[in-house]
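The values are calculated or read from the model by the stated rules, or taken from the named source; none is laboratory data. Model, not experiment: these values are computed from the prediction. Virtual Cβ from ideal backbone geometry, glycine too; neighbours counted across all protein chains shown.
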Amino acid sequence: MSKTTSVSSLGLWLQRLLAATFLTGQVLIHLLKGKINRRNTLEQMATVGPESLMIAMLTATVIGMVFTIQTAREFLNFGAGSAVGGVLALALTRELAPVMTAVILAGRVGSAFAAELGTMRVTEQIDALYMLKTDPIDYLVIPRVIACFLMLPILTILAIIFGLSGGMLVTITFYGNSITQSMFLDSASDLLKGWDLCAAVLKAFCFGTLIAIIGCNWGLTTTGGAKGVGQSTTTAVVTALLAIFITNFFLTWLMFPGTGTSTL
């Protein structure tokens, strides 16, 4: 019985994944036609951006502090304390800030999208939109996609700034005798390149789109009443996280090719 249920759940998940692909195509077509509900888009941008700011920045600050604690001591043992700021900057920009901010958004915003649209689906509010000759893609999906697409890069840049600030605070507080503030900042500016920031923004664009598409699609394909809404919300978050991690691997592989130029 459990095996049959697992196969059925996997089949449903694959169907929803295929539906998400079609939804992506529909969103692109509607965007090319200029069908954007400005009021809904601004409302969603406020939900995705300012309302997620506190938790995203707090997380980034703590991550920067923890990363610095873990690396500074070891770097000092090898006489490379001056590189701590640069290593933190690279880690935050290339991986930690875009991925962790996307994970926070998937848990907070992606789940909300799935729950809201799922509730509208099971209570037949989406059917009512069709009766009013309003396309749910234009009215519900596109504003959420645009909001995540635009807000996640901004949150990511702020996360990098807060993460570096947290790391610098720890460095000055605990390792100030060996690593000065100027050493920390000089190292960060020397190792951090413009392409690293561009890569972080590009990743954020991709992750934001994935979160919105998956959350909306899982909501629109919800069945089974209140229980179905709960299942859709959980599955949407899990799927979004998997999509973020897998996409991050391929983006990193494409953006940072090669094996380095070590002379050791």
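In region 216-225, the condition of being part of a helix (DSSP H, G or I), surrounded by fewer than 16 Cβ atoms within 10 Å (Cβ to Cβ) and not acidic (Asp, Glu) is met by at least one residue.
Counting only residues that are without any contact (Cβ under 8 Å) to a residue 24 or more places away in the chain and assigned to a helix (DSSP H, G or I), region 112-135 holds 6 of them. Being aliphatic (A, V, I, L, M), assigned to a helix (DSSP H, G or I) and closer than 15 Å to Ile154 by Cα is not true of Val109. A search for C-beta distances below 6 Å between a residue of region 198-218 that is over 12 Å from Ala106 (Cβ atoms) and any residue that is β-branched (Val, Ile, Thr) and surrounded by 20 or more Cβ atoms within 10 Å (Cβ to Cβ), counting only pairs 6+ apart in sequence or on different chains, returns Ala200/Thr93; Ala200/Thr156; Ala204/Thr156; Cys216/Val141.
Give the residue that is modelled with the highest pLDDT, with candidates limited to residues of region 42-51 that are of a type outside the set (A, V, I, L, M, F, W, C), closer than 16 Å to Ile211 by Cα and assigned to a helix (DSSP H, G or I). So, considering only residues that are of a type outside the set (A, V, I, L, M, F, W, C), closer than 16 Å to Ile211 by Cα and assigned to a helix (DSSP H, G or I), the one modelled with the highest pLDDT is Gln44. Taken over region 53-93, the criterion of being crowded, with 21+ Cβ neighbours inside 10 Å and under 16 Å from the mean Cα position of the chain (by Cα) is satisfied by Ala56, Ala60, Ile63, Leu92, Thr93.
Give Ser178, Ser187 a once-over and let me know the one that is small (Gly, Ala, Ser) and not in a helix (DSSP H, G or I). Among Ser178, Ser187, only Ser178 is small (Gly, Ala, Ser) and not in a helix (DSSP H, G or I). Filter region 30-41 down to residues that are surrounded by fewer than 13 Cβ atoms within 10 Å (Cβ to Cβ) and of a type outside the set (D, E, K, R) and give me whichever is modelled with the lowest pLDDT. Ranking the qualifying residues of region 30-41, first place goes to Gly34.
The one condition from (1) of a type in the set (Val, Ile, Thr); (2) within 25 Å of the chain's Cα centre (by Cα); (3) not in a helix (DSSP H, G or I) that Thr209 does not meet is (3).
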